[in-house]
1. Pick out the one residue from Ile36, Ile32 that is surrounded by 17 or more Cβ atoms within 10 Å (Cβ to Cβ) and out of contact with any Gly (no Cβ under 6 Å at 6 or more places or on another chain).
2. Hey, among the residues in region 42-65 that are farther than 11 Å from Ala24 by Cα and small (Gly, Ala, Ser), which one's surrounded by the fewest Cβ atoms within 10 Å (Cβ to Cβ)?
3. Between Glu14, Glu22, Glu74, which is acidic (Asp, Glu) and in contact (Cβ under 8 Å) with a residue 40 or more places away in the chain?
4. Restricting to region 71-89, count the residues that are among the acidic types (Asp, Glu) and surrounded by 10 or more Cβ atoms within 10 Å (Cβ to Cβ).
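Each reported figure results from applying straightforward, stated rules to the coordinates on display, with no laboratory input. Nothing here was measured: the structure is a model prediction, and the numbers come from that model. Cβ: placed from backbone, ideal geometry, glycine included. Neighbour counts: every protein chain shown.
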Amino acid sequence: FAMLDGADHILVTEDSANMAAEAASTGKPVHILPMIARKAPGKFARLHADLQARGAARPFDGTLTPWAYEPLNETERAARAVLAAMPKR
């Protein structure tokens with residue numbers, strides 16, 4: 001994450017869920033680079049739509065326009081869900 005932290009903008013290819021999610025945890029603008037589709041978009045399209053709805057990502061339009069959003073913290077969210085699901089001892 002050190003390299004991502006030093007960036008002003010992060011460009012990710014649309015075929016990697018990990019790159020997009022990790023980039024969105026930085027709070028830096030995430031630009032999604034289109035690729036030639038080899039199969040139906042499916043899960044990637046849903047992920048990108050979710051990141052865009054949260055304000056974390058936008059399709060790359062050739063410009064590096066800055067914007068701000070609350071960084072994703074999915075590890076914390078998942079941990080809270082697991083703890084909530086565990087029986088109290």
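1. Unique residue meeting the criteria: Ile32.
2. The qualifying residue surrounded by the fewest Cβ atoms within 10 Å (Cβ to Cβ) is Gly62.
3. Glu74
4. Going through region 71-89 one residue at a time, the tally reaches 1.
Every residue, every condition in (1) in contact (Cβ under 8 Å) with a residue 40 or more places away in the chain; (2) in a loop (DSSP other than H, G, I, E, B); (3) within 12 Å of the chain's Cα centre (by Cα), yes or no:
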{"residue": "Asn18", "(1), (2), (3)": "no, no, yes"}
{"residue": "Gly62", "(1), (2), (3)": "no, yes, no"}
{"residue": "Tyr69", "(1), (2), (3)": "yes, yes, yes"}
{"residue": "Ala81", "(1), (2), (3)": "no, no, no"}
{"residue": "Pro87", "(1), (2), (3)": "no, yes, no"}
